[in-house]
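Worksheet: the structure to be examined is printed underneath.
The values are calculated or read from the model by the stated rules, or taken from the named source; none is laboratory data. Remember, predicted model here, so these are calculated numbers, not experimental data. FYI the Cβ positions are ideal-geometry reconstructions off the backbone, even for glycines, and counts take in every protein chain you see. Side chains are part of the model used for accessible areas, which takes the heavy atoms of the whole protein and leaves out ligands, DNA and RNA. Shrake-Rupley method; radii C 1.70, N 1.55, O 1.52, S 1.80 Å.
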Amino acid sequence: MSEPILDVQNLVGGYGKMTILNGTTFSVPAGSITTVIGPNGAGKSTVFKAIFGLLKLREGKVIFKGRDVTGLSQRALLGAGICYIPQGRNIFGELSVRHNIELGGVAAPANIDLPARVEAALDVFPVLRKKADRQASTLSGGEQKQLEIARGLLLEPQLVLIDEPSIGLSPLMVQQTFDMLKQLRERGVSVLLIEQNARSALEISDYGIVLELGRTRIIDKADRVLADPRVGQLFLGGAMEETVA
Amino acid sequence: MTAILDVRDVKKSFGGITAVNGVSFDVQEGEILGLIGPNGCGKSTLFNCILGQLVPSAGEVRVDGKLVTGQRPSELNRLGVSRTFQLLQVFPKLSVRDNLILAGQEHRGSMLSRLLGPSDAGLTTTADQMIGFFKLEHLANEPAGGLSCGQQKLLDAAMAFMGGPRLVLLDEPAGGVNPTMLGDLKERLIAINRERRATFVVIEHNMEFVMSLCSRVMVMAEGKVLAIGKPDEIRANPAVIEAYLGH
Amino acid sequence: MSNLLDLIVAGLATGAIYALVAVGFTLLWQTSQTINFAQGEFVMLPAFLMLAVMHLGAPFWLAVLVGVLLSALLLGLAFKMLLVDPMLRHGVLPLAIATMALAIGIKEAVKQFFSAEASPFPSIVPAGDISVLGRAISLQSLGVLAVAILAVVGLTMLLNRTSLGHQMQAAAQNPTVARIIGVPVERMILLTFLINAVLVALASLLITPIYLAKFSSGEVLGQAAFIAAIVGGFNQVRGAIAGGLLIGVVDNLAAAYVSTQYRAAVPMLLLILMILFRPQGLLGRAEERTV
Amino acid sequence: QSGAPIKIANVAELSGGGATVGNNWKNGIDLAVEEINAKGGILGRKIEVSHADSQSNPGVARAQVQKALDGEPYVLLGPGYSGSVKVTAPLAAEAGITQIMGGEAAELTQAGNKFLFRTSFGQQSSMPKVAKYINDELKAKSVAVVWVNNDFGRGGRDVITKEFNRLGIKVAADLSTEAGQADFAADVSKIKAAAPDAVFIYVNEEESARILKEIKRQGVTAPLIGETTLVGQKVIELAGDAANGARGHVGLTTDAPVEAVKAFRDRFVKKYNYVPDHNGLKGYLAIYMVKATTEKMGKVDSKAFADTLHGLTIKTSTEPNILMDVTFDQNGDIDRQGFLVEVVEGKQVVKQVLPKLN
Amino acid sequence: MSKHNRLLLVALSIIVVAGLIIIPMNFNRYGLYILSQWAVMTIAAMGLNLTLGYAGQVSLAQGAFVGIGAYGAAILTTHGWPLIAALGLVIVICFVVGWLLGYPALRVQHHYLAFVTLAFSTLMFLVFRNESWLTNGIYGISNIPRPEVFGFPTRKPLPFYYLCLGSLGLVTLAMWWLIRSPWGRAFMALRENPIRAQSLGIDTRRYTLMAFAIGSVLGGIAGVLYAPLTQYVDPVPFNLQLSLDLLMMVIVGGSGFMLGPFLGAMIAVLLPEWLRFAEGYYLMLYAAAVIVLLIYSPSGILGILDRYLSSRRTQAASALRAAAQSKLEAAQ
Ligand SMILES: Nc1ncnc2c1ncn2[C@@H]1O[C@H](COP(=O)(O)OP(=O)(O)OP(=O)(O)O)[C@@H](O)[C@H]1O
Ligand SMILES: Nc1ncnc2c1ncn2[C@@H]1O[C@H](COP(=O)(O)OP(=O)(O)OP(=O)(O)O)[C@@H](O)[C@H]1O
Ligand SMILES: [Mg+2]
Ligand SMILES: [Mg+2]
């Protein structure tokens, strides 16, 4: 395993009195794609929120490139090189598509050429270019997701946290998105991915993490996770005759 | 035999943009029709036109041969047509159980009996069965807004079935749902389809799910029907591969 | 028809006042999704702050300066930190109610610590009339109109053309997501309220010479501005101008041609019809896609 | 227990639409009480006034008067709004407590309430004087009437139009306006269209100033006549030279050409830093009515108070701070000197003194 | 556990009700008047709580319905009708007018709806003031008689207070029944997500109109009691301010909570009275108190209680979750 870019240590926290994370611990090797899988409600998205400072943690630490970034502001985290593309729909409906993308560069240092990056992003997602001046809320579900990905990557971060990007995307777009993640990895960017589309995701990943009830149960090379019979049966839809607990 | 759902030449435009551009198809009772197509091709808009959430710019929609174009969603629901949504649509501050009871209550008794009768309209048992099936027991009394995305998606699907519908339009029910649970969901859909001859139209980008569930698949592109046929035919259709499936 | 013209010009003059107050209303909505029921009192208060400073013997210009600063401090910073911060997350109504209470508080405080009487206020625009379309119109009204238009043009440019403006809107529409992409949400909200505070101080400076400094003058202004904002379209700053002027004119025409006893109702009834047929207001945008 | 303070309760419009009225009234009361207490009180006993806010709302007024009466005050002062007087007068009467109020509506004193007293002319006595002036001096045959649509304005309007009818004067335009109204363009253009021989204006001070300005702007030349609120110093200050030429009947004014009134005004300004309107005077006089009546009785007796005040004449010679000689009739109505005033070059000029009737 | 809670709740309510009946027996007239006012305003606020708190429809017209009720009672009882007959007529009128006022809500929402209802409120004030032939205009209607209930006269403050309290009790029971019935759930659906509600067969049109109509009826009932309480009505109390005050009561008490209006009306009616000692500053103190309360709990007084209850509930859910067995471990 190469040097970890992100080290998540013993996270404990949740919403109000409800504890969701019970000591989640894992690390993301630099320059890898790491995929987190697990049942619905396992706490995957909650881990991301915790890493990105959106959740009050009762215990635990988040180390990024050797530096403790627990509880830093989102702006500081973006500045450090982490970006987060959350689950669900997260656009600014009343602004135009182009303005939405431009907003992805808010935290950018002054010396980068934002307009050029916006153009580049629009090249990657031709649908968005076609609808650049429309109000973002009129986009279809999948188009909105593309918009979010384009916006999230505008800062060219070193670590991408991306939560279920494939929801709502057509198979062709899912392929493209995964290809894009692979390209990012080639450029040395690390990716931490949550996917329910677990087979395809693990196929492009270096490492796989299985999260259950707020704990990391399995951390291993992606192909080994994929081959693990328990995982196949329980989380990849391998066996349909699973017994209800 | 008349089709349970008959869509004729439906068009919908927003300002200068035509999202749905003359779509016609019908669905026979007991069928499971898949609806696929690239992002932004007009699938959700078509659903909204059928279900009265949007008024189509042109065209007709019939349910059981009865013209329903322009009818309100609630009226359509009373005819036994229900749906799920692509984006999360639950009642965030109500408990999961109340969400489900709410989903079924208007199909019980009259307005007056709902005022004077039992407060759960006799639906607690049914709701709890649903909760059990989707493994939400520990959250039954929690507000639905606190569920994870995948759980909300499941709740949304569960709500669509509370009223015992004859025709259900599902908009990406699999998005974000764990594959194992998805298998259960598919089994469940098939069982309901067999037992109650309920009819489904399913928008989905998960090909495995669509192809194994549906008896027929319709492909849309740019607001029009590109192809319609058996899953195998569609999978092999070069136009579909190019526009939608990729290699 | 010179009579009609008279009425329209007079209505425009009053409407300009409503518009100037309404600008802040729409600004707050567009950049923080808040409704400030104390907006009228916000316009009333700075004049008294300036008067207070003048009572201490300061010259007018200094009083104005101190007044603007104080209002930025009280109606901008303090308002944002004490009221907006804890309540913003809880939807529109709690804050709206809190501002209603605040309106009572401000009114009572001014009454108690200054006076229940109306007092005159020096005008920075020279008093006097000029002739517009053959009718005398006061320079003061023109000043109000000019500032209202300038404010709207400036704010529209800021909001629609600059990244700062987009950030402000983003912070209002979805604060969590805005934070995630690095918008300094806190600072944007503060900016919003500071702009509003300076705007009301300016409005106070221009309107008080016409309306007089009186603890209760905010009631009429606030209500008129609220209505003007809705009519113009809540989600567009420029709607305030259209709404304000329209209310001013329709009010006059209603009083002249329909009924003086029902003058307050006639414009409202007309506007209800308009709202029912054009719910987004005169210059507002249609609400976004819902499903 | 002759040393205990005399308790007087005041319920007035300290907030809400009537706040200006109520606060003037309250300040007038406080000033008088301060003066009297400084000189040793009434019959050697200090006065203690409690103030309660009716929020300009009759329902609240009722509650506050109820509360005040539960405390068994010597006399009840206020409220100023006629509606609030109407809802509270029966309570005071039932408790047998004298109520000295500020309302001017004609009907208040005509319901046979033996415990209710005015501090100023009721509209039934002031309006006929104005109508007579319009008829006799101006010889106007048609008049435009502008009034504020609350109980004060409406009451005045109703009385004066009745008078106009009696005198055969035509009401050319009957214009209701709103309290706090800012824009009078429409109203003035209607006046202009009606081309009356005179305009009768019965609105509050600030609105008076605004309408005077608008009248000047639109070039209406008919004579303008009103009541106390049209020609007050405040109006002149606010309306500037637009106030010139306005005339009015003034029952109580701080601008009256009476030395005692001027002295009162100076004392008031010294204490409160502003010039009171007639409501300040009313409150002040209410307390001196209590003093004069009590001294007349020679004892503090709330049961006998009303009977003593009925038919009583209070002279400035015995009680200088009553400011002008005044007589109360059997209804609780007031008789006092009045003035006809015109604004000339920014100054009130008394054109005519309307003497006390008897 | 929940049974235990329910028992506690029942016991508590019995104590409160008994307190409301017994303690005021030796109150003076003023105290009884204020308490009666509280009961009346609570009824009106409960109506608005239904429209706004449960069904999510912003209305600035509740005060106008109190006005309609008060004028209805004033006009009819001064013409010799018994109050109960006036009540019947007012209920019908308010139901119909409220129903009609609901129609704009089918087209517009939020601040536009607020404006439409505000306009209605203004219009009603002008009608009360201008239509003198009916309402005696600005002079108002005085000498409104207090009714006899089952042969008991309520002219005295104490019996009239019991009349108000009894009415409040009846209204509360009816409201409680309504809220826990499927209708109540449908109202909440309207507030939470009307789009989803529609697609579940909930006739949002009818429920919206119902929410307005029933809420308005409660406003009217409050008005019918208000008239004989003050024994005088004029237009001023029924201006926009009353609607805003009622809105404040609902929000401050806790909108969407059954008992919110009780506390809200307490704050709005009783708190200013308690603060009277501060003389000229009492309204300032009152405003400050309301603001502080909202800062402390933006969801209203009952929001505090709700936070406590829901945290207990999540604790339970958390325990369930903790007890859940890992599937992975089970598979091993
Ligand atoms: N309210 C609206 N105003 C303007 N354009 C709209 C509106 N609603 C939808 N559209 C446009 O209509 C087209 C079809 O949208 P629709 O949501 O039906 O797509 P879809 O097939 O469901 O896509 P996806 O798979 O991404 O969900 C899109 O181009 C979208 O931008
Ligand atoms: N805002 C919230 N308030 C309260 N509880 C929440 C909230 N968000 C999530 N939860 C709870 O936390 C648990 C974990 O949620 P999380 O969103 O992390 O799940 P997930 O693993 O991402 O699931 P999915 O695959 O469905 O997205 C769930 O049981 C959910 O009920
Ligand atoms: Mg998730
Ligand atoms: Mg879609």
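Listed by chain and number, the lysines whose C-alpha is less than 19 Å from the C-alpha of B:Lys186, apart from same-chain residues fewer than 8 away, are B:Lys135, B:Lys153, B:Lys230. Here chain B exposes an accessible surface that is 51 percent carbon and sulfur, computed with a 1.4 Å probe and the other protein chains kept in place.
Partners of D:Lys139 within straight-line reach, counting aspartates and glutamates whose Cα lies under 15 Å from its Cα and excluding those fewer than 8 residues away in the same chain: D:Glu163, D:Asp197. For the chain pair E and B, the buried solvent-accessible surface (1.4 Å probe, both sides summed) amounts to about 3100 Å².
In the range E:156-192, burial by the other protein chains removes 30 Å² or more of accessible area from E:Trp177, E:Arg180, E:Pro182, E:Trp183, E:Arg185, E:Glu192, compared with the chain on its own (1.4 Å probe, ligands and nucleic acids ignored). Across the protein chains, with a 1.4 Å probe defining accessible surface, the residues B:Glu187, B:Glu172, B:Glu75 rank B:Glu187, B:Glu75, B:Glu172 from largest area downward. Taking a ≥ b ≥ c as the square roots of the Cα gyration tensor eigenvalues, with a/c under 1.5 meaning rounded and otherwise prolate when a/b beats b/c, else oblate, which class fits the range A:39-131? It is oblate, given that a/c is not under 1.5 and a/b is not larger than b/c. Of interest is the spacing of the C-alpha centroids, which for the range D:238-260 and the range C:128-156 amounts to 34 Å. Taking 7 Å steps out from each Cα toward its Cβ at E:Leu309 and B:Glu222 produces label points 5.7 nm apart. Taking E:Thr51, D:Thr308 and ordering them by how much accessible surface each has at a 1.4 Å probe, largest first, produces D:Thr308, E:Thr51. Screening chain D for whole DSSP H helices of 15 Å or more along their axis (Cα) with average Kyte-Doolittle hydropathy at least -0.5 returns D:19-38, D:58-70, D:82-95, D:278-297.
Compared with the dominant Cα axis of chain E, that is its longest principal axis, helix E:29-48 is turned about 60°.
Can you tell me the FRET efficiency between B:Asp26 and C:Phe277 if r is taken as the Cβ-Cβ distance and R0 is 35 Å, rounded to the nearest 0.05? Efficiency, rounded to the nearest 0.05: 0.40. For peptide C:76-89, the mean count of partner chain Cβ atoms within 10 Å of a residue's Cβ comes to 1.
I'd like the carbon and sulfur percentage of the solvent accessible area for the range D:119-212, probe radius 1.4 Å, heavy atoms only, ligands and nucleic acids excluded.
Numbers: 1370 of 2820 Å².
With neighbouring chains kept in place, the figure for the range D:119-212 is 49 percent.
Highest mean first, the peptides C:152-163, D:58-69, C:190-201 sorted by other C-beta atoms within 10 Å per residue fall in the order D:58-69, C:190-201, C:152-163. D:Glu237 contributes about 100 Å² of solvent-accessible surface, heavy atoms of the protein only, 1.4 Å probe. Once the Cβ-Cβ distance of E:Ile23 and D:His310 is raised to the sixth power relative to R0 = 56 Å, the FRET efficiency obtained is 0.85.
Put a plus charge on the Cβ of each Lys and Arg, a minus charge on the Cβ of each Asp and Glu, and nothing anywhere else: the dipole of the protein assembly as shown about its Cα centre is then about 940 debye.
Within the accessible area of chain C, the carbon and sulfur atoms contribute 72%, probe 1.4 Å, all protein chains present.
Between the C-alpha center of the range B:125-173 and that of the range D:298-358 there is a gap of 82 Å. Take each peptide in C:5-14, D:282-291, D:160-169, count the other Cβ atoms within 10 Å of every residue, and average; sorted highest first, the result is D:282-291, C:5-14, D:160-169. In this assembly, the C-D interface accounts for approximately 2400 Å² of buried accessible surface in total, computed with a 1.4 Å probe and without ligands, DNA or RNA.
Going highest first, how would you order D:223-232, D:107-116, E:236-245 by mean Cβ packing within 10 Å?
Details: D:223-232: 26.5, D:107-116: 17.8, E:236-245: 23.1.
Going from most to least packed, we get D:223-232, E:236-245, D:107-116.
Buried surface between chains E and D: roughly 2300 Å² of accessible area, summed over both sides, computed with a 1.4 Å probe on protein heavy atoms only.
Sparse packing (at most 15 other Cβ atoms within 10 Å of the Cβ) combined with a DSSP loop state is found for none of the trypsin sites (Lys or Arg not before Pro) in the range A:67-140. Neighbouring Cβ atoms from other chains, within 10 Å of the Cβ of residues in E:27-36, number 4 on average. When you restrict to C-alpha pairs under 8 Å that are six or more residues apart and normalise by the size of chain D, the relative contact order lands at 17 percent. Oblate is the label for the range D:1-78, because a/c, from the alpha-carbon gyration tensor with a ≥ b ≥ c as root eigenvalues, is 1.5 or above and a/b does not exceed b/c. Solvent-accessible surface of the protein assembly as shown, taken per residue with a 1.4 Å probe and all protein chains present: 36 Å². Listed by chain and number, the lysines whose C-alpha is less than 28 Å from the C-alpha of A:Lys65, apart from same-chain residues fewer than 8 away, are A:Lys44, A:Lys49, A:Lys56, A:Lys182, A:Lys221.
Please find the FRET efficiency linking D:Glu35 to C:Ala58, where r is the Cβ-Cβ separation and R0 is fixed at 51 Å, and quote it to the nearest 0.05. Walk me through the numbers before you get to the answer.
Working: r = 35 Å, r/R0 = 0.68.
That pair, D:Glu35 with C:Ala58, gives E of 0.90.
Taken as Cα centroids, the range C:11-31 and the range B:183-218 sit 55 Å apart, rounded to the nearest whole angstrom.
Classify the range E:16-115 as rounded, prolate or oblate, taking a ≥ b ≥ c as the square roots of the eigenvalues of its Cα gyration tensor: rounded when a/c is under 1.5, otherwise prolate if a/b is larger than b/c and oblate if not. Oblate shape, in that a/c is at least 1.5 and b/c is the bigger or equal ratio.
For peptide B:97-107, what's the mean number of Cβ atoms from other chains within 10 Å of each residue's Cβ? Let's see the in-between values first.
Working: counts 0, 3, 6, 0, 2, 12, 7, 3, 9, 9, 2.
Per-residue shielding by partner chains comes out at 5.
Using only alpha carbon pairs under 8 Å that are at least six residues apart, calculate the relative contact order of the range B:5-245 and give it in whole percent. Let's see the in-between values first.
Details: 452 pairs, mean separation 66.9, N = 241.
About 28 percent, as a whole number.
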